[in-house]
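Presented below is the structure to which this report refers.
The values are calculated or read from the model by the stated rules, or taken from the named source; none is laboratory data. Predicted, not measured: the structure shown is a model, and the values here were computed from it. Neighbour counts are summed over all protein chains in view; Cβ atoms, including those assigned to glycine, are modelled from backbone coordinates with ideal geometry. Note: accessible area is taken over every heavy atom of the protein model, side chains too, but ligands, DNA and RNA are not part of it. Shrake-Rupley method; radii C 1.70, N 1.55, O 1.52, S 1.80 Å.
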Amino acid sequence: MKKHILAASIAAPLLVTAFGAHAQSSVTIYGIINPSITYTDKVANATAANPTGTGSRLSMDTAVAQGSRLGFKGVEELGGGLKALFTLENGFNADTGAMAQGGLLFGRTAVVGLSGSAGTLLLGRQKDYIDDLSAYNGALDFGSLVNNIHALNLDRSQGARVNNSVRYNSPNMGGVVLSTLVGFGEQAGSVGAGQSFGLGGSYTNGGLSIGAAYFQNKLTTNNSFTGSSDSGVAPGAVAGSAGSASLRTFLLGGSWRIGNTRLYGSFSQVRQPLAVAAGSAMTAFTASSGGAFTFGGVNNSRVNILDLGVNYSITPNVQLLGNVVGTRSKFVGAADGSAMQLSAGVDYFLSKRTDVYLFYANIRSSGMINPGLYVAPGGSNTQNVLTAGIRHKF
């Protein structure tokens, strides 16, 4: 009997130590699957007899409300309030099963870092702070449906990644959070070539949140961007050299929740400092302008984007969504162009993890090429989309 008591007294603290150490670290597997069926009324369908012709299209798409993904998150308690953490997140297309983000294994996120009372430091492939402000524009409710109207995401409101980056997030200081990011271009002999830089911050108090963020990236070589950022490779960047800023963008906005209603709005601006005139014969927009007179085009020096929306919960399970985005584009040596998109939808939550949605959107343009909602509408200046999807989170 005494032997059993002695064995138990020795084993007990060992078991507590083993299980306690295990409880101090954890790994979570999570994901989203989000296919949808989409009807588009006008899609480019050029023929010799009708070079600007269009046709309707029925398709199965992915990443409408949110991008499909499979992720792994881990946290280890190091003591003294310090934690080690990591996130590995793969993006894939739910309609085909193929990997997204150019086929990268962990194209959505691949970071490791430390977190403590002084803030969080993350190293790897990650987003800048503009993505943290998604509640201020239609990206949170309508996902990629508002990607193209946001200057083909050159304003980064849909989220864009930065390779070789270091990001610091401050602790929450009475509702204030600050963040900064640097992406290394990794070019021998030039620190600035291919470099990205971003900073931002926000303030939250109850249902009110306001914030702002800025981002820029630079050319690796003349008319080339193979540096740190995988977005913002503006075709307008044709007049610079290594280290020249090819894109600057900022976003300012806020959201306000009043009872069952969330109101939001943002103003963002995209600048391409290296944009040039499209040519003496192209001082005005034509439907065959090629790489000019489009978002991020060769002569597109600036885009101003105003995004306003509302999310109203009829019941805890049903949300009505509405959004309007207006843009004004500046073209070098030519008149301005404009585009506007109206979006409406209903989102029904079958559970906390599964919802179904129905979205409608119309986009129209004037004085510039219409980017389309998902695919270009050819020679038409307007396009309509109706999409229905299911989203499951695990």
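Observations
- Candidates Ala160, Ala188, Ala63: whichever shows maximal mean-square fluctuation once the chain is modelled as a Gaussian network with Cα springs under 10 Å: Ala188
- Based on the Kirkwood approach, the hydrodynamic radius assigned to the stretch 233-391 is 17.6 Å, with every pair of different Cα atoms included.
- Working note: Cα atoms of the chain, range along each principal axis, descending, whole Å: 99, 56, 42.
- Taking 1.306 mPa s as the viscosity and 10 °C as the temperature, the Stokes-Einstein diffusion coefficient of the stretch 19-123 based on its alpha-carbon Kirkwood radius rounds to 93 µm²/s.
- Residue ranges 368-375, 339-346 sort as 368-375, 339-346 when ordered by packing (mean number of other C-beta atoms within 10 Å per residue, highest first).
- Percentage, to the nearest whole number, of Cα pairs in the stretch 298-394 over 21 Å apart: 46 percent
- The mean sequence separation of alpha-carbon pairs under 8 Å and at least six residues apart, normalised by the residue count of the chain, gives a relative contact order of 14 percent.
- GNM top mover of Leu140, Leu58, Leu274 - the chain, alpha-carbon springs below 10 Å: Leu58
- Probe 1.4 Å, accessible area per residue of the chain, Å²: 46 Å²
- Linear extension gain, Ser366 paired with Asn50, 0.36 nm per residue minus alpha-carbon span: 111.6 nm
- Virtual paramagnetic centre 7 Å along Cα→Cβ of Thr315, amide N under 17 Å, in the stretch 257-284: 260
- Surface share of carbon and sulfur [accessible, 1.4 angstrom probe, percent] for the stretch 278-394: 63 percent
- A viscosity of 0.890 mPa s and a temperature of 25 °C, combined with the Kirkwood radius over C-alpha pairs in the Stokes-Einstein formula, give the stretch 170-213 a diffusion coefficient of 199 µm²/s.
- For the pair the stretch 314-388 and the stretch 119-180, the centres of their Cα atoms are 21 angstrom apart.
- Violating pairs (Cα-Cα greater than 22 angstrom) within the set Lys73/Lys218; Lys73/Lys393; Lys127/Lys330: Lys73/Lys218; Lys127/Lys330
- One equal scatterer on each Cα of the stretch 45-204, no solvent, Debye formula: the resulting log10 I(q)/I(0) at q = 0.18, 0.20 Å⁻¹ is -1.28, -1.43.
- For the chain, modelled as a GNM whose springs connect Cα atoms under 10 angstrom apart, the maximal fluctuation among Gly211, Gly31, Gly138 occurs at Gly31.
- Label-to-label distance, nm, for residues given as Asn93 and Lys352 (7 Å Cα→Cβ offset): 3.4 nm
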